[in-house]
Amino acid sequence: MNTGPLDLRQTRARLDPAARAWFDRALTEATATADRAAAGATDGTAPGQDPGPWERHFATAGRHAGHRHADAVRTLLLTAARPDPPTLTRLYHHGTADERRALLLALPYLRHLTPPDAARPLVEAALRTHDTRLIAAAVGPYAARHLDPHTWRHALLTCLFTQVPVDAVADLEHRARGDRELARMLADHADERTAAGRPVPPDLHRVLTLTDEPSEES
């Protein structure tokens, strides 16, 4: 995703006229969905969000906006619709790989989620896949903020297992620094690979070096 995916004017300007008209309709419907949900929450008539037309637009963003802009467009639709956790879960599990990846990339921008870690199960689900694109998207800023140390360490090991570059791991230096348990896990992984006659990935040595540095809390 390009820097500043939530800049509506920049995203809209990059679209051709037909895509721009589609995007305007989709964004209007997403905003209307959020407004209806907010009104229902206020008067007690709507306990949650019903599937809206914007979800169809979320699914077809690649076709209408083009693959290059699909992630930014989907992020903007999600921020406008303000989906509740059940809606996010439905979108993720019913979506294509591209839709799931876009949703994971959008998580840091969904500040409305209550509780803030409500989408953590989706991150954990992505980490259990063998899809390196989903894994790379899952270890972004949302994971850095909301994964507990045990789960985060295993997420990092998943990157090493699947050869996802650790550059994809948000806040790597801060979270790895001085982590002795992570150092032990990395050393065990390196020993296993060496015993099996397989090379130890350079990224492992890079992270292991970070664990030798004192943590900020030290």
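Only one residue in A183, A143, A136, A196 is in contact with a helix residue (DSSP H, G or I) (Cβ under 7 Å, 6 or more places away or on another chain), among the aliphatic types (A, V, I, L, M) and open to solvent by 30 Å² or more (accessible area, probe 1.4 Å), so which one is that? Step through it out loud before you land on a result.
Numbers: A183 fails: open to solvent by 30 Å² or more (accessible area, probe 1.4 Å); A143 fails: open to solvent by 30 Å² or more (accessible area, probe 1.4 Å); A196 fails: in contact with a helix residue (DSSP H, G or I) (Cβ under 7 Å, 6 or more places away or on another chain).
Exactly one residue qualifies, and that residue is A136.
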- Query: Do any residues in the range 70-83 that are at pLDDT below 95 and outside any helix (DSSP H, G or I) have Cβ atoms under 6 Å from those of residues that are charged (D, E, K, R) and crowded, with 21+ Cβ neighbours inside 10 Å, where the two are at least six apart or on different chains, and which pairs are they?
  - Reply: none
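Do we have L122 as under 19 Å from G62 (Cβ atoms) and buried (at least 20 other Cβ atoms within 10 Å of the Cβ) here?
On the way: under 19 Å from G62 (Cβ atoms): no; buried (at least 20 other Cβ atoms within 10 Å of the Cβ): yes.
No: the conditions fail for L122.
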- Task: Go through (1) open to solvent by 20 Å² or more (accessible area, probe 1.4 Å); (2) modelled with pLDDT of 95 or more; (3) under 25 Å from the mean Cα position of the chain (by Cα) one by one and return the number of the condition P201 breaks.
- Result: (2)
- Task: Scan the range 17-30 and report the pairs whose first residue is farther than 19 Å from G52 by Cα and touching a residue at least 40 places away in the same chain (Cβ under 8 Å) and whose second residue is part of a helix (DSSP H, G or I) and aliphatic (A, V, I, L, M), with Cβ atoms within less than 6 Å and a gap of 6+ or a chain change.
- Result: A19/A65
- Among the residues listed as A155, A190, A168, the single one being open to solvent by less than 60 Å² (accessible area, probe 1.4 Å), over 21 Å from P108 (Cα atoms) and at pLDDT 95 or above: A190
- Note on the structure: Screening P165, P121, P85, P149 for residues that are over 13 Å from the mean Cα position of the chain (by Cα) and farther than 30 Å from D212 by Cα leaves only P85
- Query: Pairs, please: C-beta under 9 Å, at least 6 apart or cross-chain, first residue touching a residue at least 12 places away in the same chain (Cβ under 8 Å) and open to solvent by less than 10 Å² (accessible area, probe 1.4 Å) and in the range 91-103, second part of a helix (DSSP H, G or I) and basic (K, R)?
  - Reply: Y92/R100; A102/R74; L103/R74
- Looking at the range 40-58, which of the residues that are more than 15 Å from A80 (Cα to Cα) and among the hydrophobic types (A, V, I, L, M, F, W, C) is modelled with the highest pLDDT? A41
- Test L107 against the criterion of being at pLDDT 95 or above and touching a Phe, Trp or Tyr at 6+ places or on another chain (Cβ under 7 Å), and give yes or no. yes
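The values are calculated or read from the model by the stated rules, or taken from the named source; none is laboratory data. Small disclaimer: the values here were computed from a predicted structure and weren't measured. Glycine also receives a Cβ, built like all others from the backbone with ideal geometry; neighbour counts cover every protein chain displayed. Surface accessibility is based on the protein's heavy atoms, side chains included, excluding ligands, DNA and RNA. Shrake-Rupley method; radii C 1.70, N 1.55, O 1.52, S 1.80 Å.
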